[in-house]
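Step one of this worksheet: look at the structure below.
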Amino acid sequence: MNQEERLIRILNYLETYKTMNIKQMCESFDISRDTARRDIVELTKQEMVVRTHGGVALQSFHKKIDDYRYRSNTESETKKLIGKKAASMITDNEMIYLDVSTTVNFIAEFLKAKQVTIVTNSIDSAYELAQSEDTTIHFLGGVLNKSTRHVTGFSSIEKLKDYHFNKVFIGAAGITEDGIYYGSEEDIHYKRELIKHADQVFLLIDHTKHNHRQNYRALTFESIDTIITNHSMPNNLYKFIEKQGVEVLVTDTE
């Protein structure tokens, strides 16, 4: 197999698995480490991939990691206020679920309730909660998504069926009168299964998500009990949500 053929196969592999290391290249194509490094140099020269520690990744995948870090820092004070308000909704001895969201993550920082059992698939939430002696943490199994720092997959969805939550806290990529949007198709199935097992569902969003669509509509407002956001929504959106019987809490006015 010549280099051109290998490069095509490497790119095909990356389309599915996003990253590939030198060891995988050597085993897949029966080549030496030096040959694998030359292939990496050629791919990066053509700007088809980005070099990572020990291998390569699709540029789009590498960008997703940067995007998550960017989102974590963007509007951080706003997200803290929303997370703090959400944390105040939790009472002693409850069973709750914390979704993967840069806003939901702040709940763990401000949680004051005692003897709370928390289920999550977020690495960041689990890490923050591990500092508390008043919480029991259930971490869902699955495949680690390195870009968004959470575990996902069929086993995670199936495990949700073992629980019943007093409260569930989720984020979103956008909301319009049509419903609640996410950037990943997988979110559709996960979120729909999650809300089946909750007494109350809280949606945490900052103002940048108001009247914003994303790729996939996963939920309607019938699924949501309370929305916590940082300032007033556009009038058309607020009136529509109010008609659906959803409570809207705005941190900037409190």
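Data overview
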| read-out | value |
| --- | --- |
| Long-range neighbours under 7 Å by Cβ, at least six apart or interchain, first residue over 18 Å from SER223 (Cβ atoms) and in contact (Cβ under 8 Å) with a residue 60 or more places away in the chain within the range 233-254, second assigned to a helix (DSSP H, G or I) and open to solvent by 80 Å² or more (accessible area, probe 1.4 Å) | THR251/LEU81 |
| Filtered residue count, the range 1-28, keeping only those that are touching a strand residue (DSSP E or B) at 6+ places or on another chain (Cβ under 9 Å) and without any contact (Cβ under 8 Å) to a residue 40 or more places away in the chain | 9 |
| Options ILE31, ILE40; residue that is surrounded by 13 or more Cβ atoms within 10 Å (Cβ to Cβ), of a type outside the set (Lys, Arg), in contact (Cβ under 8 Å) with a residue 12 or more places away in the chain and not in a helix (DSSP H, G or I) | ILE31 |
| In the range 132-146, residue farthest from GLU185 (Cα to Cα) [restricted to those that are buried (at least 17 other Cβ atoms within 10 Å of the Cβ) and modelled with pLDDT under 85] | GLY142 |
| Of residues in the range 12-28 being in a helix (DSSP H, G or I) and modelled with pLDDT of 85 or more, the one surrounded by the most Cβ atoms within 10 Å (Cβ to Cβ) | MET25 |
| Count - residues of the range 99-131 that are among the polar types (S, T, N, Q) and surrounded by fewer than 18 Cβ atoms within 10 Å (Cβ to Cβ) | 3 |
| Number of positions in the range 205-254 that are assigned to a helix (DSSP H, G or I) and over 24 Å from ILE188 (Cβ atoms) | 10 |
| Failed item in (1) modelled with pLDDT of 95 or more; (2) among the aliphatic types (A, V, I, L, M); (3) not in a strand (DSSP E or B), with ILE118 passing the rest | (3) |
| Members of the range 91-112 found to be in a loop (DSSP other than H, G, I, E, B) and at pLDDT 95 or above, listed by number | THR91, ASP92, ASN93, GLU94 |
| Criterion (open to solvent by less than 20 Å² (accessible area, probe 1.4 Å), among the polar types (S, T, N, Q) and in contact (Cβ under 8 Å) with a residue 12 or more places away in the chain) met by exactly one of SER223, SER156, SER184 | SER156 |
| Residue within the range 196-208 that is touching a helix residue (DSSP H, G or I) at 6+ places or on another chain (Cβ under 6 Å), among the hydroxyl-bearing types (Ser, Thr, Tyr) and open to solvent by 10 Å² or more (accessible area, probe 1.4 Å) present | no |
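The values are calculated or read from the model by the stated rules, or taken from the named source; none is laboratory data. Note that the structure is a prediction, hence the values are computed from the model and not measured. Glycine also receives a Cβ, built like all others from the backbone with ideal geometry; neighbour counts cover every protein chain displayed. When the accessible area is computed, the model is the full protein with side chains, heavy atoms only, and any ligands, DNA or RNA have been set aside. Shrake-Rupley method; radii C 1.70, N 1.55, O 1.52, S 1.80 Å.
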